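Notes follow the structure.
The values are calculated or read from the model by the stated rules, or taken from the named source; none is laboratory data. Please read all numbers here as calculations on a predicted model, not as lab measurements. Every residue, glycine among them, receives a Cβ derived from its backbone with ideal geometry; neighbour counts consider all protein chains shown.
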C-alpha cells in the first residue's frame, strides 16, 4: 500500500499552490467585499487547464482525474472559497454530468468548451419547492417534434447568471416519478426564453454568483437530452456523488488554511509574556484541528482513488462532504476563538473564512441528506430501506 | 534557433529552518525544486520560442532526482530534456561542471543560444555561464534583463553599473538572466500530466559523454562551510502598535521609501 502521491500530482499541487498564492489570494478579500465573480482568475485558470482538471485531454481536459481535481480544490479552498465554488460547480457537477452521461457528440460539442474554460457551466437542479427533496421538481419539458420545451424556474444555481451551458433536470412524465419521469437536458443559456431572475445576497462565498434561472418556453433540440430519456434523476445523482468528494477537498483546504493561520498567529501573539501557542487551552484546539484535518485528508484522497479506479464510492463521497464540511466549520469556529476580537473583525481573513465555511454544510445536498445517503447505503445490504 | 537551457535543481528553501544561534540548517521537509534562476532561464528561452519558433532543450547535471526538474521544464514547454548524472560527477567543482555540460552540449551538436540563470539558488557561484562560454568558445552576456532574437544574433539588455547596456552578440552565445526580469510562467496542467506520463528525459553518464577520470578531477577541495556574518539589523521600533506604526510610516517617508 503506497500512500504517496504520484510525482505528476506533486508537481501539479505545487503549480496550483503557486497559482492560488500569486493569482487568487490577492483578489480573495476584494471579491468577497465587492460581491463579484473573479473572472480574471477564471480566465487565467482556464489557460492552465484548471477548468477541466478531471476530464481526459481528448475532451479538452487536463487528464488529472478525480485525484488531480481534489488537489486543485484543496489548494483553491485553502485560499479562496469563492473561487473554489465557481470552478467547483462548473467542473465537479455541471461539466461532470456531461462527461458521465453525455454522448460522444455531446462531449465534443459541450464538454470541450467547458473543460477548456471557453464557457462556464452550471448545474440546474434545485427549485423553490425541491431542495433536499430533489425529485419534487416542477420544471417540465414537453416534447414538440424534434425539440423539448422547458418551463419552470431553478433557484440557488451557482454560476447561473455567468454560465454558457447549464445541465437542467426537468419532469418529462409526471406519472412515472423520479425514476422514469425525470430527464436531464443540456441547455445553452443563449436560447430564447432563458432568463435570470434574482441574484442571491449571500452570507459567504460572495465572490461566486448564485442565481435564479427562469425557463419560459425554452426550446432545446432532442439531441440535448443528457443520458437516457427518463433517467435524468440518476444522471444528476451520479454527478453529485462525485462532486461530493471534491467539495470535501475544498473544505480540507479551508480547514488547512485555518490551521496554518492559527499556528502563525499563536506563535506571534503574546499574552501573559509568552506566545499564546504555549497555552494548553490554545494548543489543544490546534491539535484537535490538525487531527481532524489529517483524517479528512486521508478520506478525500482515498475516495478520489476509488473514483479514479472505478470502484464504488457513493458512501465514501457522502462521508467526504459530510465530515469535510463539519471539520471546516469546526476549524474556522476555533480560528475565530483563537484570534479573539481580531477574528471577529471584517478586516481580517478569519471572519471571511467563518462565513465561507458555513455553506458547505448546506449546498450540493445538505449534511442531513448526506446522512440519508450514508444510512441507505449502510442498511441496504441487510434489506432495510431507509426512507428520505 | 536551437536553445539549450541549463537547469539546476535545488533544495526548496521553504522546507529549511536556519538556526543562526546553533550555526545549523535544519531540513524540515526535503523537497527539491527548479531553482528560481533556472526557472527564469527557462522563461527566457520559452519566450524566444513563443516569439519566433525555437527548439528549447533543457539540460541538467545532477543526482537522478534532478529528472523531476527536467520534467517540470518539459511541462513548461521545453521540447526535450537531458539529465547528466553519474556518481563520478558527485565531487564536481565548477570547472568540472562546465566541462561536463560542454561535453553534453557538443554531443547535442552545439546550440545557437545557451541560457542559464544568473546564479544558482544554492551555491550561488554565478560562474557557470562564463565558464561554459569559455569552454565552448561562445560569446557571453551576463545578467541579462531583456532578450530578443534576430538573424544570427541576439539583442540583450544587461545590467551596467546602476543602469543598463544594450548589447548585441553573434550566435552562438551564452546568456545568464536576472530572475527578477523573467518571472516564470506556470506549467499547464496537461503539460504536467504529460511530462510524467508521455514524455521522456534522456540520461547520459560520464561514459556516454566520453569523460574519463582526468576530466572529472576537481581543482577545488571542499574544506567546510560556515554562516556569513549576521547582517546589520536596522533600527528597531518598540512600543504601542499605533505609535510604532506611526513612527514606521514617518521613517519610511523620510527615507522616501513611500510617498
With the condition kept exactly as written, say whether any residue in segment A:104-111 is modelled with pLDDT of 95 or more, in contact with a strand residue (DSSP E or B) (Cβ under 9 Å, 6 or more places away or on another chain) and outside the structural domain of residue A:87 (by TED's automatic domain parsing). no
Could you tell me whether segment B:110-122 includes any residue that is outside any strand (DSSP E or B), in contact (Cβ under 8 Å) with a residue 24 or more places away in the chain, surrounded by fewer than 16 Cβ atoms within 10 Å (Cβ to Cβ) and at positive phi? yes
I'm trying to understand the selection: among the residues of segment B:147-185, which are in contact with a helix residue (DSSP H, G or I) (Cβ under 6 Å, 6 or more places away or on another chain) and assigned to a strand (DSSP E or B)? B:147, B:149, B:174, B:176, B:177
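So if I check each of A:29, A:58, which one is over 27 Å from residue B:34 (Cβ atoms) and either within 14 Å of chain B (Cβ to nearest Cβ) or in contact with a strand residue (DSSP E or B) (Cβ under 9 Å, 6 or more places away or on another chain) (or both)? Let's see the steps before the verdict.
Details: A:29 fails: either within 14 Å of chain B (Cβ to nearest Cβ) or in contact with a strand residue (DSSP E or B) (Cβ under 9 Å, 6 or more places away or on another chain) (or both).
One residue alone meets the criteria, A:58.
Listed residues A:123, A:156, A:110; which is closer than 22 Å to residue A:366 by Cα and crowded, with 20+ Cβ neighbours inside 10 Å? Show your work before the answer.
Numbers: A:156 fails: crowded, with 20+ Cβ neighbours inside 10 Å; A:110 fails: closer than 22 Å to residue A:366 by Cα.
After applying the criteria, what remains is A:123.
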In segment A:211-230, is there at least one residue being in contact with a strand residue (DSSP E or B) (Cβ under 7 Å, 6 or more places away or on another chain), under 30 Å from residue A:297 (Cα atoms) and not assigned by TED's automatic domain parsing to the domain that holds residue A:312? no
Taking only segment A:360-371 into account, find how many residues are outside any loop (DSSP other than H, G, I, E, B) and crowded, with 21+ Cβ neighbours inside 10 Å. 2
Taking the condition surrounded by fewer than 20 Cβ atoms within 10 Å (Cβ to Cβ) and either in contact (Cβ under 8 Å) with a residue 24 or more places away in the chain or farther than 17 Å from residue A:76 by Cα (or both), does residue A:266 pass? no
In segment A:281-290, is there at least one residue being within 24 Å of the chain's Cα centre (by Cα), surrounded by fewer than 21 Cβ atoms within 10 Å (Cβ to Cβ) and either touching a residue at least 12 places away in the same chain (Cβ under 8 Å) or more than 27 Å from residue A:158 (Cβ to Cβ) (or both)? yes
Within segment B:77-97, of all residues that are over 15 Å from the mean Cα position of the chain (by Cα) and in a helix (DSSP H, G or I), the one farthest from the other protein chains (Cβ to nearest Cβ) is B:95
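Quickly run through segment B:123-141 and pick out the residues that are in a loop (DSSP other than H, G, I, E, B) and modelled with pLDDT of 95 or more.
Taking segment B:123-141 and keeping what is in a loop (DSSP other than H, G, I, E, B), we get B:123-127, B:137-138.
Passing the criteria: B:137, B:138.
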Does residue B:42 fit the bill of being closer than 26 Å to residue B:152 by Cα, outside any helix (DSSP H, G or I), modelled with pLDDT of 95 or more and under 14 Å from the mean Cα position of the chain (by Cα)? no
Could you pull out the residue among A:41, A:85 that is surrounded by 24 or more Cβ atoms within 10 Å (Cβ to Cβ) and more than 14 Å from every other protein chain (Cβ to nearest Cβ)? A:85
It is to be established whether one or more residues within segment A:286-309 are in contact with a strand residue (DSSP E or B) (Cβ under 7 Å, 6 or more places away or on another chain) and within 30 Å of residue A:21 (Cβ to Cβ). no
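What do you reckon, is residue B:185 surrounded by fewer than 19 Cβ atoms within 10 Å (Cβ to Cβ), modelled with pLDDT of 95 or more and within 14 Å of chain A (Cβ to nearest Cβ)?
Details: surrounded by fewer than 19 Cβ atoms within 10 Å (Cβ to Cβ): yes; modelled with pLDDT of 95 or more: yes; within 14 Å of chain A (Cβ to nearest Cβ): yes.
Yes; evaluated as a whole, the condition is true for this residue.
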Report, by residue number, each residue of segment A:226-247 that is in a strand (DSSP E or B) and buried (at least 23 other Cβ atoms within 10 Å of the Cβ). A:226
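In segment B:47-64, is there at least one residue being within 14 Å of chain A (Cβ to nearest Cβ) and either closer than 30 Å to residue A:12 by Cβ or in a strand (DSSP E or B) (or both)?
Narrowing segment B:47-64 to residues within 14 Å of chain A (Cβ to nearest Cβ): B:50, B:64.
Subsequent filtering for residues that are either closer than 30 Å to residue A:12 by Cβ or in a strand (DSSP E or B) (or both) retains B:50, B:64.
Yes, segment B:47-64 contains a residue that is within 14 Å of chain A (Cβ to nearest Cβ) and either closer than 30 Å to residue A:12 by Cβ or in a strand (DSSP E or B) (or both).
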Can you name the residue in segment A:3-26 that is more than 9 Å from chain B (Cβ to nearest Cβ) and more than 20 Å from the chain's Cα centre (by Cα) and is also surrounded by the most Cβ atoms within 10 Å (Cβ to Cβ) among such residues? A:5
May I ask you to list the residues in segment A:279-325 that are closer than 13 Å to residue A:66 by Cα and assigned to a loop (DSSP other than H, G, I, E, B)? A:309, A:310, A:311, A:313
Give segment A:18-35 a look and list any residue that's over 18 Å from residue B:190 (Cβ atoms) and in contact with a helix residue (DSSP H, G or I) (Cβ under 8 Å, 6 or more places away or on another chain), or say none. A:20, A:21, A:23, A:24, A:25, A:27, A:28, A:29, A:31, A:32
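Out of the strands (runs of 3 or more DSSP E) lying entirely within segment A:96-212, which hold 3 or more residues that are over 24 Å from residue A:70 (Cα atoms)? Full working, then the answer.
Values: elements: A:121-124, A:140-144, A:147-158, A:165-171, A:182-188, A:194-199.
In segment A:96-212, A:140-144, A:147-158, A:165-171, A:182-188, A:194-199 are the strands (runs of 3 or more DSSP E) which contain 3 or more residues that are over 24 Å from residue A:70 (Cα atoms).
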Failed condition for residue A:331, given (1) touching a residue at least 40 places away in the same chain (Cβ under 8 Å); (2) more than 21 Å from the chain's Cα centre (by Cα): (2)
With criteria (1) exposed (fewer than 15 other Cβ atoms within 10 Å of the Cβ); (2) closer than 22 Å to residue B:179 by Cβ; (3) within 14 Å of another protein chain (Cβ to nearest Cβ), residue B:71 comes up short on (1)
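Taking the condition part of a helix (DSSP H, G or I) and within 14 Å of chain B (Cβ to nearest Cβ), does residue A:68 pass? Steps first, please.
Numbers: part of a helix (DSSP H, G or I): yes; within 14 Å of chain B (Cβ to nearest Cβ): yes.
Considered against the rule, which asks whether it is part of a helix (DSSP H, G or I) and within 14 Å of chain B (Cβ to nearest Cβ), residue A:68 comes out as yes.
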